[in-house]
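Down below is the structure, laid out as structure tokens.
The values are calculated or read from the model by the stated rules, or taken from the named source; none is laboratory data. In this text, all values refer to a predicted model and were calculated from it rather than measured experimentally. Positions of Cβ are generated from backbone atoms using ideal geometry, with glycine treated the same way; all protein chains shown enter the neighbour counts. Surface areas here come from the heavy atoms of the whole protein model, side chains and all, with no ligands, DNA or RNA. Shrake-Rupley method; radii C 1.70, N 1.55, O 1.52, S 1.80 Å.
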Amino acid sequence: MSGFISQESIDEVSSKTDIVQVINEYVPLIQKGNDWSCCCPFHNEKTPSFHVSADRQFYHCFGCGVGGTVFNFVMEMEKVSFPGAVEILAKRAGVQLRYSDSGQNFQKEDPDSKLKEDLISLYNRTASLFHYFLMETEAGNFALDYILKRGLTRDTLEKFKIGYSPSDRRWLKTFLRKKNFSDEFLDKSGLFSKKYPDYAFFSDRLMFPIFDRKGDVVAMGGRFLRGDPTNSPKYLNSGDLIQYKKGSTLYAFHLAKQAIREKKQVIFCEGYMDCIAYHQCGIDYAVAPLGTALTNEQIAIIKPFVDTVLLSFDSDGAGQKATRRAILMLRQQGLSVKIIQLSKGKDPAEIMLNFGPDTLTNDVKCAILDNDYLLSKLLELYSKETPEGKAHASLEFFEYLDVLQSDVQRNACLEQLCQTYDIDPEAARKDYSNRARLSHRITRTKEEPQNNSEKQQKIKLSSELRAVITAITDDKSYFQQMSQEISVEDFDDPQAKKLFMLLAECSAQDNFSVSNILNRCDSDELKGLIMQSVDEYSNHINESVRDSIMLIKKNSLTNKRKDIMSRIRKVEQSSIPEDRERLKELLSEKMDIDAQIALLKG
């Protein structure tokens, strides 16, 4: 497409489009005579002030003042230019647009619109190509076997256009060149390495196309399947592109939006496989943020359609932190929140495979209210038997009370806190009124943990974490040196393990700079440690990296030796003949580890 959209085409689209029907697809309208109303999708409000006139084909919000035609509405909701809105509505109305060399008022406003259009076409084509490799070629058989064993059906693979990227990293560019794509265009696509432009960014991976809300492929994610995991992150994802911003995109929204509208609720889950598992089990209103913490832009996508958001994040420390953060963000937007607690597995995909759709469906039905969830987590962190525990728990729960929109609900939740922690209601109300002053006076040190779950405590600069930070410089050769000798399994410290995996992803994407690492790090405290430590080690980096590698290897071997010694003691007490053979194997493993430890000491 080139030139300008003709005025005749615009008039035809306008005549075949009813503004009430279009807006009702985004937000539920209530009829009042010949006009319609709803809560405004462009600002927070409790009483509807957004009005749509069927006669004048015009909308206006008396709260924030926005208004216009159906084209203006689509421009705001879809974040597109005027020509983009015309094209969306033309497709909806079945109008074939005509273009001309005149009509300046309707020129495409976005200078990158042609590039976006071409890139979307390329991504659609590439996704189909990868899908063909998975479903129809011998090279993709192992990947197809893997994903079918994970419980996905062929219909699901078709629905989500899951594919496989060939292991030959030069193949894709060679193929696309033969299809008359220029190197200049392909180098802008995000499908190839920045450092080695002939090499595909994704290779030998299970591929998950990422669609926009219209159903076009705009980006991709790839899952590691085989080879050395130390040099390859589990998932590689497209970075932000002209046609794709991960912070304002939701995976599977194009498939879920109709069910979301009908059910007035949505499930936010952890990643591709979790989201796909929900859909295959018939729970078709699930979506997933794309490798980032939930954003306000992503909430804005679903807010016009839903009353309730269900959260299905991992149960580990990071997942619990993400859940709490999401609760506060969603409540601030006036949405009700429930938490799905999985009963028989660590994630939806595992439950689908081992227990079937009914178990997952029942877990969704049994989702608990967010206030109940938060109080249960506070009980894990703070004792209700001590004054300090009551004070700490109260202060954290006050943060939740602050974002509630209803005074009645806030008062009811405060009473629930008092009942749970046996706190005098009048004292709790006084503390809530003085919460800003109290938050500075009360030292927020944690009590002894009451279980083994990860706690929200300050990050300690352990020897392992210090070792990984040591390898962060603008030259990734130091990290490559480290990753050749140790793997993620060698770490005990979860923060060190997390940072090591982040560095591996940055290294694989040829963007191993301190600034990129800091941008991708989701912990402000860890960022501070990195910035503080990098300068400290910069003068003797070679020596520091070497010492760090030796330290981690020694700790890992020591832990392995302890584990083997424990298993040896158990087997020595057994009278089963097979265990005598196992004892020989364990003793041999111990001797091998002892030899490695001796070499390190030497």
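Taking one quarter of the surface of the C-alpha convex hull of the stretch 4-106 gives a mean projected area of 6.6 nm². Computed over the chain, the Cα gyration tensor eigenvalues convert (square root of 5λ each) into semi-axes of 45, 36, 24 Å, ordered from largest to smallest. Farthest towards the positive end of the charge dipole of the chain, among the residues 375, 120, 50, is the Cα of 375, using unit charges on the Cβ of Lys, Arg, Asp and Glu.
Quick check on packing: order 120-132, 582-594, 13-25 by the mean number of other C-beta atoms within 10 Å, highest mean leading.
Details: 120-132: 19.0, 582-594: 14.1, 13-25: 17.2.
Averaged packing, sorted descending, gives the order 120-132, 13-25, 582-594.
With the alpha-carbon atoms of the stretch 199-239 aligned to their principal axes, the span from lowest to highest coordinate is 37, 18, 15 Å, starting with the largest.
Using a simple spin-label model with pseudo-atoms 7 Å out from Cα toward Cβ, residue 369 and residue 46 lie 1.7 nm apart.
Since only 417, 551, 459 are under comparison, the one whose Cα sits farthest along the positive direction of the charge dipole of the chain, derived from C-beta charges on Lys, Arg, Asp and Glu, is 551.
Under the simplified labelling scheme, the residue 177-residue 463 pair shows an inter-label distance of 5.1 nm, with each label point 7 Å from Cα along Cα→Cβ. Computed 3J(HN,Hα) for the stretch 389-397, one whole-Hz value per residue from the Karplus formula 6.51 cos²θ - 1.76 cosθ + 1.60 where θ = phi - 60°, is x, 4, 5, 4, 4, 4, 4, 5, 6, glycine and proline marked x. Over all other residues within a Cβ to Cβ distance under 13 Å of residue 209, the charged ones net out to +2, with Lys and Arg as +1 and Asp and Glu as -1.
Subtracting the Cα-Cα distance from 0.36 nm times the residue separation, let me have the gained length for residue 354 to residue 55 in nm, one decimal. Don't jump to the answer; show the numbers that get you there.
On the way: separation 299, 0.36 × 299 = 107.64 nm, distance 5.56 nm.
Net length gain for the segment: 102.1 nm.
Set the Förster radius R0 to 60 Å, insert the Cβ-Cβ distance between residue 592 and residue 62 as r into 1/(1 + (r/R0)^6), and round the FRET efficiency to 0.05. Kindly include the intermediate steps, with their values, before the conclusion.
Working: r = 77 Å, r/R0 = 1.28.
E between residue 592 and residue 62, to the nearest 0.05, is 0.20.
With N counted as the residues of the stretch 210-291, its alpha-carbon radius of gyration over 2.2 N^0.38 Å works out to 1.17.
Between residue 138 and residue 307, the simple label model (points 7 Å from Cα in the Cβ direction) yields a spacing of 5.8 nm. Ordering 506, 386, 566 by Cα displacement along the dipole of the chain toward the positive end leaves 566 in first place; charges were set at the Cβ atoms of Lys, Arg (+1) and Asp, Glu (-1).
Pairs of alpha-carbon atoms within less than 8 angstrom and 6+ residues apart define the contacts here; what relative contact order does the chain have, in percent? Working shown, then result.
Details: 814 pairs, mean separation 49.0, N = 602.
RCO, the chain: 8 percent.
The orientation-averaged projection of the convex hull spanning the C-alpha atoms of the stretch 45-173 amounts to 14.0 square nanometres.
Just from its helices, what would the mean residue ellipticity at 222 nm be for the chain, if runs of 4 or more DSSP H residues each count -39500 (n - 2.57) and the sum is divided by every residue, rounded to the nearest 500 deg cm²/dmol?
-16500 deg cm²/dmol
Convex hull volume per residue, computed on the Cα atoms of the stretch 189-333, equals 127 Å³. Computed about its Cα centre, the charge dipole of the chain is approximately 360 debye, with only Lys, Arg, Asp and Glu carrying charge at their Cβ. Phi-derived couplings, Karplus 6.51 cos²θ - 1.76 cosθ + 1.60 at θ = phi - 60°, listed residue by residue for the stretch 137-154: 10, 5, 4, x, 4, 5, 5, 5, 4, 4, 6, 5, 5, 6, x, 7, 8, 5 Hz, with x used for Gly and Pro. Shown for the chain: the carbon plus sulfur share of the solvent-accessible area, taken with all protein chains present and a 1.4 angstrom probe, equals 48%.
Could you give the accessible area per residue of the chain, probe 1.4 Å, as a whole number in Å²? Provide the component values of the computation, followed by the final result.
Details: 30140 Å² over 602 residues.
With all protein chains present, the chain gives 50 Å² per residue.
Subtracting the Cα-Cα distance of residue 336 and residue 258 from their residue separation scaled by 0.36 nm leaves 26.1 nm. Exceedance of the 21 Å cut-off in Cα-Cα distance is limited, within the set 195/246; 79/264; 79/116; 264/377; 303/498, to 195/246; 79/264; 264/377; 303/498. A straight chain from residue 570 to residue 296 at 0.36 nm per residue would run longer than the Cα-Cα distance by 93.3 nm. Based on alpha-carbon atoms, the Kirkwood radius and the radius of gyration of the stretch 113-155 give Rg/Rh equal to 1.18. Note on the stretch 339-441: with charges restricted to the Cβ of Lys and Arg (+1) and Asp and Glu (-1), its dipole about the Cα centre is near 200 debye.
Taking the Cα centre of the stretch 84-221 as origin and assigning +1 to Lys and Arg Cβ atoms and -1 to Asp and Glu Cβ atoms, the resulting dipole is close to 200 debye.
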